[in-house]
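Visitor: One structure coming up, written as structure tokens, with questions to follow.
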Amino acid sequence: MTMLKKTSRTFYIPISCLDLGLREAVTSAYLCMRAIDEIEDHDELTDQLKVELLLGIHEAFQSPHIIEATQKLLSPYGAVLPAVTKQLDEWALLCPSSGAPIVYHYIAMMSLQMADWVQNGWNIHTEEDLDHYTYSVAGMVGEMLSELWLWHDGTQSDLTKAIAFGRGLQAVNILRNRVEDLKRGVDFFPDGWGFKEMQQYTRRNLQLADSYIADLKEGPALKFCKIPLALAHATVNLIAVGGNKLTRDAVLKIVSRVTG
């Protein structure tokens, strides 16, 4: 939970409120995904090494010896990798064994797709490319969460809308990080798109996300999803008027409002 708080102020709050068991599964998944995300975004690693590490993680999470394979793969790069990545084996171990097949499946899939994106230089030219990218890094997280809700207490949800939930949150990040992404030579906006078109794309997905949570029964899944979705809506509204990042006070007020 300490690492979770360090790596995501947004997700620490809803994850820490989850039921025992589900909390460990979602924490494990989030930190594993954060670990591989840090490889994809790393400033000092060559693209070739990024691909090698991501494909290695893909293989490790499909093997019966995840812990040993992960340690062997990452230990030579301990001096350059961030702590959250170096401890990937610990995050994998945190997941309850009955939920682990769900989490490990998505970690393997995300690693493989991230490796593809590094190899092709994050080339996004069309809305279809953008959909593919936002699925790779976030839409599948929504899908995985839906499977975890079902695993935990039988909560049913719409997988298509679950993908839009993840996609919408990622699109907010793309809007918010526009300047930094361009500085590092990455452009997630399709050809001819400006802020207006990206905001429309973001709001379309957030509307589907609203519908996703409207269908959820009362319980941990609904409590969890309400918080990041409310923060995403508030951030898009802020960006639309020239802002960028919600203040800590604004975040706390929104969390207080949606959690009652």
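Visitor: Return the sequence-ordered ³J(HN,Hα) values of region 185-202 in whole Hz as given by the Karplus equation 6.51 cos²θ - 1.76 cosθ + 1.60 applied to θ = phi - 60°, using x for Gly and Pro.
Guide: After applying 6.51 cos²θ - 1.76 cosθ + 1.60, I find x, 10, 10, 8, 7, x, 3, x, 8, x, 4, 4, 5, 5, 5, 4, 4, 4 Hz.
Visitor: Further question on the same structure: Using only Cα atoms, figure out Rg for region 16-85 and give it as a multiple of 2.2 N^0.38 Å.
Guide: 1.20
Visitor: Under a cut-off of 28 Å between alpha-carbon atoms, report the lysines in cross-link reach of LYS86, not counting same-chain residues fewer than 8 places apart.
Guide: Qualifying lysines at Cα under 28 Å: LYS5, LYS6, LYS50, LYS72, LYS183.
Visitor: I've got another one for you. What net charge do the residues around ILE57 carry, taking every other residue with its C-beta under 12 Å from that of ILE57, with Lys and Arg at +1 and Asp and Glu at -1?
Guide: Working: positive: LYS50, LYS72; negative: ASP37, GLU38, GLU40, GLU52, GLU59, ASP89.
In short, -4.
Visitor: Arrange the peptides 129-136, 179-186 so that the one whose residues have, on average, the most other Cβ atoms within 10 Å appears first.
Guide: In decreasing order of mean packing, 129-136, 179-186 become 129-136, 179-186.
Visitor: Please say if region 159-234 is rounded, prolate or oblate, where rounded means a/c under 1.5 for a ≥ b ≥ c the square roots of the C-alpha gyration tensor eigenvalues, and otherwise the choice is prolate for a/b larger than b/c and oblate otherwise?
Guide: In terms of gyration-tensor shape, prolate.
Visitor: Now for a different question. Counting each DSSP H run of 4 or more residues in the chain as -39500 (n - 2.57), what helix-only mean residue ellipticity at 222 nm follows after dividing by all residues, to the nearest 500 deg cm²/dmol?
Guide: -22500 deg cm²/dmol
Visitor: From the backbone phi of region 75-91, what are the Karplus-calculated ³J(HN,Hα) couplings (6.51 cos²θ - 1.76 cosθ + 1.60, θ = phi - 60°) in whole Hz, Gly and Pro given as x?
Guide: 4, x, 10, x, 6, 10, 7, x, 4, 4, 7, 4, 9, 3, 4, 5, 5
Visitor: Which of rounded, prolate, oblate describes region 54-169, given a ≥ b ≥ c as roots of the alpha-carbon gyration tensor eigenvalues and a/c under 1.5 marking rounded, otherwise prolate only if a/b is larger than b/c? Show your work: numbers first, answer last.
Guide: Working: a/c = 2.38, a/b = 1.15, b/c = 2.08.
It is oblate, given that a/c is not under 1.5 and a/b is not larger than b/c.
Visitor: To the nearest 0.05, how large is the calculated FRET efficiency for VAL258 and ASP129 if R₀ is 35 Å and r is the Cβ-Cβ distance?
Guide: 0.60
Visitor: Still on this structure, please answer the following. Would you please put 102-108, 250-256, 36-42 in order of how densely packed they are, using the mean number of other Cβ atoms within 10 angstrom per residue and starting with the highest?
Guide: Answer by packing, highest mean first, reads 102-108, 36-42, 250-256.
Visitor: In whole percent, how big is the carbon plus sulfur part of the accessible area of the chain, probe 1.4 Å, protein atoms only?
Guide: Of the solvent-accessible surface of the chain, carbon and sulfur hold 52 percent.
Visitor: Among (i) 55, 41, 38; (ii) 55, 37, 33; (iii) 47, 44, 32, which one is Cα extents along the principal axes in Å computed from these coordinates?
Guide: Identified label for the calculated read-out: (iii).
Visitor: Right, next: Apply the Karplus parameterisation 6.51 cos²θ - 1.76 cosθ + 1.60, with θ equal to phi minus 60°, to every residue of region 128-133 and state each ³J(HN,Hα) to the nearest whole Hz, in sequence, with x for glycine and proline.
Guide: 4, 4, 4, 4, 5, 5
The values are calculated or read from the model by the stated rules, or taken from the named source; none is laboratory data. The structure displayed is predicted, hence computed values, not measured ones. For neighbour counting, all protein chains shown are included, and Cβ atoms are generated from backbone atoms with ideal geometry for every residue, glycine included. In case anyone asks, the SASA skips ligands and DNA or RNA and just uses the protein heavy atoms, side chains included. Shrake-Rupley method; radii C 1.70, N 1.55, O 1.52, S 1.80 Å.
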